[in-house]
Amino acid sequence: MSGGFADMLKSMENKSLSKLFSKVPSWSGHSLYVPSSLSYQQCSSEFTARYKASLISPGARVADLTGGLGVDTWAFSLGASAVWYNERDTVLRQVVERNFAALGVSRAEFNSYDINPGRGDWQDALRSFRPDVVYLDPARRDASGKKLFLLEDCSPDVVALMPQLLEFAPLVMVKVSPMADITMLRRRLSPNLTAIHVLGSGGECKELLCVLEARAFASSESAVPDDVLIRLAEDSHVFQPSSVILSEAKNLLFVPGAAMVKSGLGPGLCKMPYDEHLSHFGKFYEIIEEMPFASSRLKELGRRYTQAEVTAKGLPLSSEELRAKIRTKPGGSVHIFGCTVSGARRILVCRLFG
């Protein structure tokens, strides 16, 4: 019985490590521990961690106040002169210490402070470290596991802490939920917010990264800066609007991915020629048929395409409601879009291009 239980625990550990290594490939082959499934589910991916580290000047001193499993701290350590890892869960901190030793991370200082405005111990330690950059990934769930959306409700409260943090370091980076509203972030984090980076992978928006600086002119708490940079990066590609050339040719349908939609950059759903640069931030479909959006046409499509993917864009009905009207089953190589193109409601029958 005990042997079976030990085998089960070993199997669970191997499965957790496998999932962690798929998220952070550079950690593969090292003897590491994963204390819980939640720790690797919530940690950053290698892509997003390395992207954040790329924003840091080489040789900087970086303090990660909400270390977690340490993926972001590890990425910072690759170019930083020193890193200050903090995790209030002492067991998790001890695991990360052990893992960092296996990964060969040096110049790391480990702490287990409870970061909140009312405590002074962490502030004294952080001040002694003299960071150039402070990074936070506030917990977005309460004690009962309920999701939190307002920055003020997350732990720690970065809105309340920001004046103090900007006294400790000239640059502060905050990771927030991909569901957060960009307009809300600009309002809550003004007037020190200088950039919001929208990070995507595999067609999904993974996280938003807010960059704040102690700007000399940031004197009014109510002022919302109008020069906040919005930048989109997906799977190691950075979106450059100047690289996209819209044309009158309309042979393909471009459907932007979730990260591009979130950022508000680039074109929305539109007919255009193939653009290799845009292909990293969405999908191109070959248009097989195009017709007006009408009930009679939907029924006809259902008879001809008994299996197809269905998407509604810019219409007063959901994708599932549109599928019900067409009466087709999911699957197959055909994708039917009910959408608004150039102000007109259309039905586009497509196949994935390329």
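Taking interchain pairs and intrachain pairs at least six residues apart, which have beta carbon atoms under 7 angstrom, with the first residue in the range 162-179 and assigned to a helix (DSSP H, G or I) and the second surrounded by fewer than 16 Cβ atoms within 10 Å (Cβ to Cβ)?
As it stands, the answer is 164/117; 168/127, since those pairs meet every condition given.
Take the residues of the range 15-29 that are within 14 Å of residue 71 (Cα to Cα) and assigned to a loop (DSSP other than H, G, I, E, B): which is farthest from the chain's Cα centre (by Cα)?
Here the answer is 28.
Tell me whether the range 163-183 contains one or more residues that are on the phi < 0 side of the Ramachandran plot, modelled with pLDDT under 95, over 24 Å from the mean Cα position of the chain (by Cα) and not charged (D, E, K, R).
Yes, the range 163-183 has at least one match.
Residues in the range 247-276 that are within 27 Å of residue 183 (Cα to Cα) and either part of a strand (DSSP E or B) or over 14 Å from the mean Cα position of the chain (by Cα) (or both): how many? Talk me through it step by step, then tell me what you get.
Here is the first cut: in the range 247-276, the residues within 27 Å of residue 183 (Cα to Cα) are 254-270.
If we keep only those that are either part of a strand (DSSP E or B) or over 14 Å from the mean Cα position of the chain (by Cα) (or both) too, we end up with 254-256, 264-270.
Adding up the residues that qualify gives 10.
Please work out which residue is surrounded by the fewest Cβ atoms within 10 Å (Cβ to Cβ), limiting yourself to the range 176-186 and to residues that are of a type outside the set (Ser, Thr, Tyr) and farther than 16 Å from residue 161 by Cα. Spell out the reasoning first.
Taking the range 176-186 as the starting set, the residues that turn out to be of a type outside the set (Ser, Thr, Tyr) are 176, 178-182, 184-186.
Checking which are farther than 16 Å from residue 161 by Cα leaves us with 178-182, 184, 186.
Numbers: 178: 16, 179: 11, 180: 19, 181: 13, 182: 17, 184: 13, 186: 18.
Top of the filtered list is 179.
Could you tell me how many of the residues in the range 124-157 are over 13 Å from residue 64 (Cα atoms), modelled with pLDDT of 90 or more and crowded, with 19+ Cβ neighbours inside 10 Å? Steps first, answer last, please.
First, the residues of the range 124-157 that are over 13 Å from residue 64 (Cα atoms): 124, 127-128, 139-155, 157.
Narrowing the set further to residues that are modelled with pLDDT of 90 or more leaves 124, 127-128, 157.
Subsequent filtering for residues that are crowded, with 19+ Cβ neighbours inside 10 Å retains none.
Counting residues in the range 124-157 that are over 13 Å from residue 64 (Cα atoms), modelled with pLDDT of 90 or more and crowded, with 19+ Cβ neighbours inside 10 Å gives 0.
When you scan the range 215-229, do you find a residue that is of a type outside the set (Val, Ile, Thr) and at pLDDT 95 or above, even just one?
The first filter runs over the range 215-229 and keeps only residues of a type outside the set (Val, Ile, Thr), leaving 215-223, 225-227, 229.
If we keep only those that are at pLDDT 95 or above as well, we get none.
The answer is no, given that none of the residues of the range 215-229 is of a type outside the set (Val, Ile, Thr) and at pLDDT 95 or above.
Which condition does residue 102 not pass, out of (1) surrounded by 15 or more Cβ atoms within 10 Å (Cβ to Cβ); (2) touching a Ser or Thr at 6+ places or on another chain (Cβ under 6 Å); (3) in contact (Cβ under 8 Å) with a residue 40 or more places away in the chain, if it passes all the others?
The number of the failed condition is (1).
Taking the residues in the range 121-139 that are closer than 19 Å to residue 214 by Cβ and among the hydrophobic types (A, V, I, L, M, F, W, C) as candidates, determine which candidate is nearest to the chain's Cα centre (by Cα). Break it down stepwise before answering.
Let us first name the residues in the range 121-139 that are closer than 19 Å to residue 214 by Cβ, namely 123, 126-127, 129-136.
Those still in the list that are among the hydrophobic types (A, V, I, L, M, F, W, C) too: 126, 129, 133-134, 136.
Values: 126: 27, 129: 29, 133: 20, 134: 19, 136: 14 Å.
Ranking the candidates gives 136 first.
Out of all the residues in the range 83-137, which are assigned to a loop (DSSP other than H, G, I, E, B) and touching a Pro at 6+ places or on another chain (Cβ under 6 Å)? Quick ask: steps written out before the conclusion?
Let us first name the residues in the range 83-137 that are assigned to a loop (DSSP other than H, G, I, E, B), namely 87-89, 104-107, 112-120, 130-132, 137.
115, 116, listed by residue number.
Quick check on residue 72: is it without any contact (Cβ under 8 Å) to a residue 12 or more places away in the chain and within 21 Å of residue 171 (Cα to Cα)? Break it down into steps so the answer makes sense when it comes.
Details: without any contact (Cβ under 8 Å) to a residue 12 or more places away in the chain: no; within 21 Å of residue 171 (Cα to Cα): yes.
No; evaluated as a whole, the condition is false for this residue.
Those residues that are hydroxyl-bearing (Ser, Thr, Tyr) and surrounded by 13 or more Cβ atoms within 10 Å (Cβ to Cβ), I need them from the range 318-338; list them, please. Steps first, answer last, please.
Just the residues of the range 318-338 that are hydroxyl-bearing (Ser, Thr, Tyr), to begin with: 318-319, 328, 333.
Within the range 318-338, 319, 328 qualify.
Out of all the residues in the range 236-245, is one or more assigned to a strand (DSSP E or B) and at pLDDT 90 or above?
Our first condition is that a residue be assigned to a strand (DSSP E or B); within the range 236-245, this holds for 237-238.
Pick out the ones that are also at pLDDT 90 or above and you get 237-238.
Yes, the range 236-245 has at least one match.
For residue 281, are the conditions met, namely being in contact with an Asp or Glu (Cβ under 7 Å, 6 or more places away or on another chain) and touching a residue at least 12 places away in the same chain (Cβ under 8 Å)? Show your work before the answer.
On the way: in contact with an Asp or Glu (Cβ under 7 Å, 6 or more places away or on another chain): yes; touching a residue at least 12 places away in the same chain (Cβ under 8 Å): yes.
Judged against the criteria, residue 281 is a match.
Looking at the structure I just gave you, is residue 308 at pLDDT 95 or above, in the same structural domain as residue 273 (by TED's automatic domain parsing) and under 28 Å from the mean Cα position of the chain (by Cα)? Step through it out loud before you land on a result.
On the way: at pLDDT 95 or above: yes; in the same structural domain as residue 273 (by TED's automatic domain parsing): yes; under 28 Å from the mean Cα position of the chain (by Cα): no.
Considered against the rule, which asks whether it is at pLDDT 95 or above, in the same structural domain as residue 273 (by TED's automatic domain parsing) and under 28 Å from the mean Cα position of the chain (by Cα), residue 308 comes out as no.
What are the residues in the range 306-340 that are assigned to a strand (DSSP E or B) and touching a strand residue (DSSP E or B) at 6+ places or on another chain (Cβ under 6 Å), if any?
The first filter runs over the range 306-340 and keeps only residues assigned to a strand (DSSP E or B), leaving 307, 309-313, 329, 334-340.
Matches in the range 306-340: 307, 309, 310, 311, 312, 313, 329, 335, 336, 337, 338, 339.
What are the residue pairs meeting all of these: first residue in the range 112-123, first residue within 11 Å of residue 65 (Cβ to Cβ), second residue small (Gly, Ala, Ser) and not in a loop (DSSP other than H, G, I, E, B), Cβ atoms under 9 Å, and 6 or more apart or on different chains?
So the pair list comes out as 113/125; 115/155; 116/155; 116/160.
The values are calculated or read from the model by the stated rules, or taken from the named source; none is laboratory data. Small disclaimer: the values here were computed from a predicted structure and weren't measured. Heads up, the Cβs are rebuilt from the backbone with ideal geometry, glycines too, and the neighbour counts pull from every protein chain shown.
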